[in-house]
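Below is one structure; the comments refer to it alone.
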Amino acid sequence: MTYQDLQRCVAEGASTAGITRDDLPTPALILDMTAFESNVARMAAHCRVHGLQLRPHAKTHKCPQIAKILIDAGAAGVCVAKISEAEVFADHGIGGILVTTPLVGRFRIERGVHLASRSPDAMFVADDVRNLRELDGAAAAAGIKLNVALELHVGRKAGVAPGEEALEFAGVIDSLPNLTFAGLQAYAGHASHVAGFEERKNASEQAMSPALQTKVLLEKSGFECPMLSGGSTGTYNIDCSFEGMTELQPGSYIFMDIDYNLIGGSDGPAFGDFQNALSVLTTVVSTPTEDMAIVDAGYKSFSTDRPFVPVARHAGGITYGWAGDEHGRLRTPAGAVHVGDRIEFLVPHCDPTVNLYDVIYCCRGERLENVWRISARGMSQ
């Protein structure tokens with residue numbers, strides 16, 4: 001197997017027969033397929049049991065192949081953070097798209113209308129009356145209707161205040177002839193990483209109670225409110241018990257990362273509901289001293305937005321330290337690591353780490369099973 005053979009797998013989807021992890025050029029983003037499939041099945045079963053739709057957030061993986069697997073497992077579609085991501089998934093035939101960031105600005109609105117023209121079930125969110133009128137005008141010019149959900153302020157980001165303000169806002173959507181009221185989005189992202197299950201439960205309950213009350217208020221006022229979408233990997237087993245919740249939009253559960261490992265579970269100090277399926281494979285390129293090794297993965301290979309570093313997998317006694325853009329510095333037991341050794345690391349934060357790579361190598365055991373392109377990488381508009 002040559003490097004050119006491997007490139008054909010990436011560029012042309014050629015057979016991966018006979019290719020193993022040891023053949024992969026590093027740094028390499030690795031997906032453990034056994035753990036990934038277990039995670040997918042577990043969340044899908046959880047939502048079925050609780051009578052909820054599942055619309056996983058694709059900003060985590062940015063990969064159409066993964067979106068198709070999630071939909072085949074029962075997901076209603078995908079959430080995306082930006083319109084540019086939505087376009088990529090629509091290009092690959094993915095439906096049920098919910099764009100979770102408001103379309104503000106002429107070009108974003110133009111792109112949203114174009115998306116809705118080819119994907120009529122696409123949904124958008126809004127929290128500004130002027131923006132609503134701009135969306136309505138653009139939809140009218142295109143001869144279509146846009147599905148618009150009201151975004152509620154239940155966290156630390158965007159949204160209309162729950163209660164009477166939200167009721168008035170829903171009335172504006174209802175009054176505009178080219179918009180259809182799709183329901184509510186209420187994403188309390190700050191609750192998802194609260195350490196300790198009871199503390200996290202309290203945080204999510206406090207954040208989501210106003211959203212649940214708003215849904216009741218809307219329905220009592222004569223509005224159909226078919227959707228209340230929210231939830232995260234950290235609160236999936238909390239928000240599912242809220243009466244009025246209709247769907248969850250977690251993302252990280254398919255991969256997991258160190259950040260989520262540390263939040264604590266309902267049954268103990270570790271959050272082990274889902275398995276660590278994502279890692280970065282590195283190569284030792286130098287051993288300056290007996291207890292130091294340099295690997296070929298630094299700031300450009302791992303997210304750096306968390307206060308902790310990558311953790312070596314299946315290799316005890318190794319501590320990672322940042323050593324610049326391209327390298328990491330390992331502290332190791334004396335003489336334990338040699339030039340050419342391959343060391344795999346769990347990532348601090350999966351979403352921004354994935355966005356650093358063009359492809360993800362799907363491995364079952366040591367065997368390379370597939371190569372998936374991260375087609376929405378860099379789509380931040």
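The values are calculated or read from the model by the stated rules, or taken from the named source; none is laboratory data. Just so it is clear, the structure is predicted and the values come from calculations on it, not from any experiment. Cβ coordinates were reconstructed from backbone atoms using ideal geometry, including for glycine residues, and neighbour counts include every protein chain displayed.
Return the only residue of 286, 279 being part of a strand (DSSP E or B), polar (S, T, N, Q), under 29 Å from residue 337 (Cα atoms) and in contact with a Lys or Arg (Cβ under 6 Å, 6 or more places away or on another chain). Talk me through it step by step, then tell me what you get.
On the way: 286 fails: in contact with a Lys or Arg (Cβ under 6 Å, 6 or more places away or on another chain).
Every option except 279 fails the conditions.
Conditions: (1) free of Cβ contacts under 8 Å to residues at least 60 places away in the same chain; (2) closer than 27 Å to residue 15 by Cα; (3) buried (at least 20 other Cβ atoms within 10 Å of the Cβ). Residue 354 meets all but one. Number of the miss?
The single condition residue 354 does not satisfy is (1).
Name every residue in the stretch 345-364 that is part of a loop (DSSP other than H, G, I, E, B) and closer than 19 Å to residue 263 by Cα, in order of residue number.
347, 348, 349
From the list 26, 16, 34, pick out the single residue that is closer than 24 Å to residue 343 by Cβ, surrounded by fewer than 23 Cβ atoms within 10 Å (Cβ to Cβ) and out of contact with any Asp or Glu (no Cβ under 9 Å at 6 or more places or on another chain).
34
Under the condition of being more than 20 Å from residue 363 (Cβ to Cβ) and either touching a residue at least 40 places away in the same chain (Cβ under 8 Å) or among the small types (Gly, Ala, Ser) (or both), which residue from the stretch 268-283 is surrounded by the fewest Cβ atoms within 10 Å (Cβ to Cβ)?
Of everything passing the filter in the stretch 268-283, 268 is surrounded by the fewest Cβ atoms within 10 Å (Cβ to Cβ).
Look at residue 222 and say whether it is assigned by TED's automatic domain parsing to the domain that holds residue 52 and either crowded, with 21+ Cβ neighbours inside 10 Å or at positive phi (or both).
Taking the combined requirement at face value, the residue satisfies it.
Looking at the stretch 130-145, can you tell me whether even one residue there is assigned by TED's automatic domain parsing to the domain that holds residue 40, over 14 Å from residue 178 (Cβ atoms) and of a type outside the set (D, E, K, R)? Outline the logic, then answer.
Here is the first cut: in the stretch 130-145, the ones assigned by TED's automatic domain parsing to the domain that holds residue 40 are 130-145.
From what is left, the residues that are over 14 Å from residue 178 (Cβ atoms) are 130.
From what's left, of a type outside the set (D, E, K, R): none.
No, the stretch 130-145 contains no residue that is assigned by TED's automatic domain parsing to the domain that holds residue 40, over 14 Å from residue 178 (Cβ atoms) and of a type outside the set (D, E, K, R).
Of everything in the stretch 187-205, what is in a loop (DSSP other than H, G, I, E, B) and either of a type in the set (Val, Ile, Thr) or more than 21 Å from residue 216 (Cα to Cα) (or both)? Give them in sequence order.
Those that are in a loop (DSSP other than H, G, I, E, B) and either of a type in the set (Val, Ile, Thr) or more than 21 Å from residue 216 (Cα to Cα) (or both): 192, 193, 194, 195, 196.
Quickly run through the stretch 199-254 and pick out the residues that are within 21 Å of residue 161 (Cβ to Cβ) and acidic (Asp, Glu).
205, 219, 239
Given (1) closer than 20 Å to residue 100 by Cβ; (2) touching a helix residue (DSSP H, G or I) at 6+ places or on another chain (Cβ under 8 Å); (3) not in a strand (DSSP E or B), identify the lone condition not met by residue 150.
(3)
Just to check your reading of the model, which residue among 100, 180 is in contact with a Cys (Cβ under 8 Å, 6 or more places away or on another chain) and at negative phi?
100
Could you please find all residues in the stretch 207-260 being of a type in the set (A, V, I, L, M) and part of a helix (DSSP H, G or I)?
207, 208, 211, 212, 216, 217, 218, 238, 254, 258
Residues checked against (1) touching a residue at least 40 places away in the same chain (Cβ under 8 Å); (2) in contact with a Cys (Cβ under 9 Å, 6 or more places away or on another chain):
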position: 24; (1), (2): yes, yes
position: 27; (1), (2): yes, no
position: 42; (1), (2): yes, no
position: 46; (1), (2): yes, yes
position: 53; (1), (2): yes, yes
position: 57; (1), (2): yes, yes
position: 66; (1), (2): yes, no
position: 72; (1), (2): no, no
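Looking at (1) surrounded by fewer than 19 Cβ atoms within 10 Å (Cβ to Cβ); (2) within 21 Å of the chain's Cα centre (by Cα); (3) among the hydroxyl-bearing types (Ser, Thr, Tyr), find the lone condition where residue 100 falls short.
It is condition (1) that residue 100 fails.
Give me a count of the residues in the stretch 320-336 that are hydrophobic (A, V, I, L, M, F, W, C), loosely packed, with under 15 Cβ neighbours inside 10 Å and modelled with pLDDT of 95 or more. Before the answer, list the steps.
Taking the stretch 320-336 as the starting set, the residues that turn out to be hydrophobic (A, V, I, L, M, F, W, C) are 322-323, 330, 334, 336.
Now restrict to residues that are loosely packed, with under 15 Cβ neighbours inside 10 Å: 322, 334.
With modelled with pLDDT of 95 or more added as a condition, the list becomes 322.
Result for the stretch 320-336: 1.
Going through the stretch 159-186 one residue at a time, which ones are part of a loop (DSSP other than H, G, I, E, B) and either aromatic (Phe, Trp, Tyr) or touching a Leu at 6+ places or on another chain (Cβ under 9 Å) (or both)?
To start, the set of residues in the stretch 159-186 that are part of a loop (DSSP other than H, G, I, E, B) comprises 159, 161-163, 176-178.
Within the stretch 159-186, 159, 161, 162, 163, 176, 178 qualify.
Out of all the residues in the stretch 184-205, which are in contact with a helix residue (DSSP H, G or I) (Cβ under 8 Å, 6 or more places away or on another chain) and either polar (S, T, N, Q) or within 23 Å of residue 147 (Cα to Cα) (or both)?
184, 186, 188, 192, 204 - these are the residues of the stretch 184-205 that are in contact with a helix residue (DSSP H, G or I) (Cβ under 8 Å, 6 or more places away or on another chain) and either polar (S, T, N, Q) or within 23 Å of residue 147 (Cα to Cα) (or both).
Examine the stretch 176-183 for a residue that is in contact (Cβ under 8 Å) with a residue 60 or more places away in the chain, surrounded by fewer than 16 Cβ atoms within 10 Å (Cβ to Cβ) and either more than 20 Å from residue 100 (Cα to Cα) or not β-branched (Val, Ile, Thr) (or both), and state whether such a residue exists.
no
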